[in-house]
Amino acid sequence: LDNVIKFNNTQNKVEASDFRSKDKVQNRLREEFEKIEGVQYNGGRRGGVNPAMKTPPEVLPDKTVAQALTSSHGDPNLAYNKTRTVWEEDKVYSRYFNENLTADHVIFCASLLKVIEDRKAYYRSKDESDLTKHESKIREYFSSRGAVFVMTAALGKNLDSILGRSIPDEFSLKFSTSYNLAEAKKAWEPIVNKYIHFAATLKSATDAGLKSKERITNVIEQFGAQVSAINSSGADDEVVENFKKLL
């Protein structure tokens with residue numbers, strides 16, 4: 001039946017995520033999201049927001065969730081070039097949508113991605129003459145294809161260096177309070193604003209459309225080295241300390 005729907009449905013566009021809508025992980029995620037006000041996740045199911053609601057929730061599209069998870073877990077190439085494979089290939093799907101994944105972790109990753117998207121929009125909206133030389137480099141970085149996903153990966157994979165502690169299970173990362181998307185974005189903003197100044201370090205990873213996995217890995221490691229160098233200086237960092245308190 002799934003194959004009939006997939007290859008013969010000519011009336012409605014069938015998305016790859018549609019075929020995971022009955023998956024037990026998606027069912028559980030939808031139940032968890034129902035308990036979080038201000039955000040909605042459909043998990044492959046069709047349907048929009050009830051127009052009668054006074055304050056409609058912010059909808060997290062399936063594609064955004066897949067891109068947020070893959071990039072924050074260190075695979076920006078998958079987020080940028082091959083998002084469909086997350087839903088289509090069982091091996092890739094189970095890597096991200098597994099029993100360890102929670103709605104709170106989805107929000108943790110998606111809010112990071114969205115804050116970086118907001119910063120890209122900010123720098124791209126500025127006139128070149130109004131920017132410092134350093135800000136111009138950040139603007140130039142965000143003109144590259146896939147820059148948002150590489151920055152998300154750089155921060156996501158180097159959280160251990162930022163926090164100054166080991167993270168045995170990346171899927172355990174979440175805010176201690178069950179934030180909705182807007183609240184989580186506010187929590188991430190100071191961290192993104194602090195480390196976005198290392199954006200130039202990541203520029204080479206965006207060459208050739210994020211096709212070189214080795215290059216991506218190298219620049220993420222270089223980014224982490226810069227983060228570690230700052231942390232090892234011994235200076236108190238209010239931004240990082242405040243962020244730690246939210247986890």
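The values are calculated or read from the model by the stated rules, or taken from the named source; none is laboratory data. Every value quoted in this text rests on a predicted model; they were computed, and no experiment measured them. Note: ideal-geometry Cβ built from the backbone for every residue, glycine included; neighbour counts use all protein chains shown. Note: accessible area is taken over every heavy atom of the protein model, side chains too, but ligands, DNA and RNA are not part of it. Shrake-Rupley method; radii C 1.70, N 1.55, O 1.52, S 1.80 Å.
So the values come out like this:
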{"item": "Per-pair calculated FRET efficiency, R0 = 51 Å: residue 143 and residue 99 via Cβ, rounded to 0.05", "result": "0.80"}
{"item": "Per residue accessible area of the range 107-247, 1.4 Å probe, in Å²", "result": "49"}
{"item": "Nitroxide proxy distance, nm - points 7 Å out along Cα→Cβ at residue 212 and residue 31", "result": "4.7"}
{"item": "As computed over the chain, the Cα convex hull volume per residue (Å³)", "result": "161"}
{"item": "Net charge of neighbours whose Cβ lies under 11 Å from the Cβ of residue 73, counting Lys and Arg as +1 and Asp and Glu as -1", "result": "0"}
{"item": "Lys pairs under 17 Å by Cα in the range 139-205, provided they are eight or more residues apart or on distinct chains", "result": "7"}
{"item": "Cβ-defined net charge surrounding residue 124, 15 Å radius [Lys, Arg +1; Asp, Glu -1]", "result": "-1"}
{"item": "Restraint check, 24/245; 22/91; 91/137, Cα-Cα greater than 28 Å", "result": "24/245; 91/137"}
{"item": "Among 111-117, 129-135, 101-107, 150-156, the order from most to least packed when residues are scored by Cβ within 10 Å on average", "result": "150-156, 111-117, 101-107, 129-135"}
{"item": "Gained length - residue 90 relative to residue 165, 0.36 nm times residue gap less alpha-carbon distance", "result": "23.8 nm"}
{"item": "Gain on full stretching of the segment that runs from residue 237 to residue 178 - 0.36 nm per residue minus C-alpha separation", "result": "18.7 nm"}
{"item": "Pairwise label distance in nanometres, residue 246 with residue 204, each label 7 Å out on the Cα-Cβ vector", "result": "3.2"}
{"item": "Net charge of Cβ neighbours under 10 Å - reference residue 178; Lys, Arg +1; Asp, Glu -1", "result": "-2"}
